[in-house]
Amino acid sequence: LISDDEKLHAVYDAAVETFRQNVYVVYMDCPSRERAGWLCNSFFTSRAEYALTGKSTVERAFLANFLLAESVPGVPSGMLPMCYPSELPRVRFIPNWAMWFVLELEEYLQRTGDIEFVLSARPKMMQLLDYFRKFENEYGLLERLENWIFVEWSQANKLVRDVNFPTNMLYARVKRAPAKLYDIPELAAEADKMDRCIIDMSLDGLFFCDNALRQDGKLVLSGEHTEVCQYYAFFCGTVTPETHPALWKTMVDDFGPQRSDAYAEIHFANTFIGHYLRLDIFERYGLKDNVLENIMGYFHYMVERTGTLWENKTPHASCCHGFTSCIIYWLDKFGILN
């Protein structure tokens, strides 16, 4: 680590230790209750693997497992399991996690150039898109998805009926991945249409509303807003700092680890995954100082208590969660790693 900041060194060491405890033959969520390979978490852990090793060896094995999963009890045809291989005590799946698989596959190609592997995933990707099409409504937005719709460990997870906008922002970005990977331009056109619809429907004053409810045949905004919903909008490319400067300024200046009650009606984000979306957006737009400031604000107190990084901003769940090692990736992006 190229820095003389002792506190930053401590956070980096904690990220490495967290990575070490969670990466064996596959990425694990944590070395306690979830010693298996879960999607979404892997999107972030995979970045740390490459930043630390210059390779994606574990990631390839991890992704290959999901391509090999032909039939999983309780998981409908076309959908990916949320965790594989594993045996879950309850028959559940997370449709959002299948979307994160697609985004990770896109980044895997950027990291490795392994086009053969990505092409081998095409049938699985097409089956997944076919599955989701069953839930597209008259606006081309997903409505009333099955099973466990997961946005974030926060109030956002209680705002997923009937049309959830963070999920649809993610779905639009997902459509752009196979559009590029497999040269299917019509998917990119569908994504553009979705983004326009989400902006027109969900932007409620300054902020995006989390969901719309079906009432008497019409979609009506719930009126609920979360911090993480705004992060999804920028992370997924639904909006940019140029297209929505007021929202961008508010997000940068008024949210984050030192957030006050200035917008008390906007439900707070959590570590998984809102804080990581925030950091990723800042890195994308070159805001190095903001990334470092937020890393210290979000994580240094964790390091002081456990020497590892946590799933949530409080220690009530896992205090050593693999995805958190993605901090290493951002430090590498800004040349802070040697």
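The values are calculated or read from the model by the stated rules, or taken from the named source; none is laboratory data. None of these values were measured; they are calculated from a predicted model. Glycine also receives a Cβ, built like all others from the backbone with ideal geometry; neighbour counts cover every protein chain displayed. Calculation scope for accessible area: heavy atoms of the full protein, side chains included, ligands and nucleic acids excluded. Shrake-Rupley method; radii C 1.70, N 1.55, O 1.52, S 1.80 Å.
Do we have any residue at all in region 82-95 that's open to solvent by less than 10 Å² (accessible area, probe 1.4 Å), in contact (Cβ under 8 Å) with a residue 24 or more places away in the chain, within 20 Å of the chain's Cα centre (by Cα) and farther than 20 Å from VAL151 by Cα?
The answer is no, given that none of the residues of region 82-95 is open to solvent by less than 10 Å² (accessible area, probe 1.4 Å), in contact (Cβ under 8 Å) with a residue 24 or more places away in the chain, within 20 Å of the chain's Cα centre (by Cα) and farther than 20 Å from VAL151 by Cα.
Take the residues in region 281-307 that are closer than 19 Å to PHE44 by Cα and of a type in the set (D, E, K, R); name whichever of them is farthest from the chain's Cα centre (by Cα).
Looking at residues that are closer than 19 Å to PHE44 by Cα and of a type in the set (D, E, K, R), I get LYS288.
For residues that are touching a residue at least 12 places away in the same chain (Cβ under 8 Å) and open to solvent by 10 Å² or more (accessible area, probe 1.4 Å), tally how many sit in region 215-235. Working first, answer last.
Just the residues of region 215-235 that are touching a residue at least 12 places away in the same chain (Cβ under 8 Å), to begin with: 219, 221-235.
Pick out the ones that are also open to solvent by 10 Å² or more (accessible area, probe 1.4 Å) and you get 219, 221-225.
Selection size over region 215-235: 6.
With the requirement that a residue be surrounded by fewer than 17 Cβ atoms within 10 Å (Cβ to Cβ) and either within 23 Å of SER3 (Cα to Cα) or of a type in the set (Asp, Glu) (or both), what does region 294-331 give you?
GLY297, HIS300, TYR301, GLU304, ARG305, THR306, GLY307
Which one is nearest to GLU224 (Cα to Cα), of the residues in region 176-185 that are in contact (Cβ under 8 Å) with a residue 40 or more places away in the chain and among the hydrophobic types (A, V, I, L, M, F, W, C)?
Per the criteria, the residue is ALA177.
What pairs can you find where one residue is in region 148-175 and over 12 Å from MET194 (Cα atoms) and open to solvent by 10 Å² or more (accessible area, probe 1.4 Å), the other is in a helix (DSSP H, G or I) and small (Gly, Ala, Ser), and their Cβ atoms are less than 8 Å apart, with a gap of 6+ or different chains?
Taking only residues 6 or more apart or on different chains, the pairs are SER154/GLY274.
If the requirement is being open to solvent by 40 Å² or more (accessible area, probe 1.4 Å) and among the aliphatic types (A, V, I, L, M), which of these qualifies: ALA264, ALA212?
Numbers: ALA212 fails: open to solvent by 40 Å² or more (accessible area, probe 1.4 Å).
It is ALA264.
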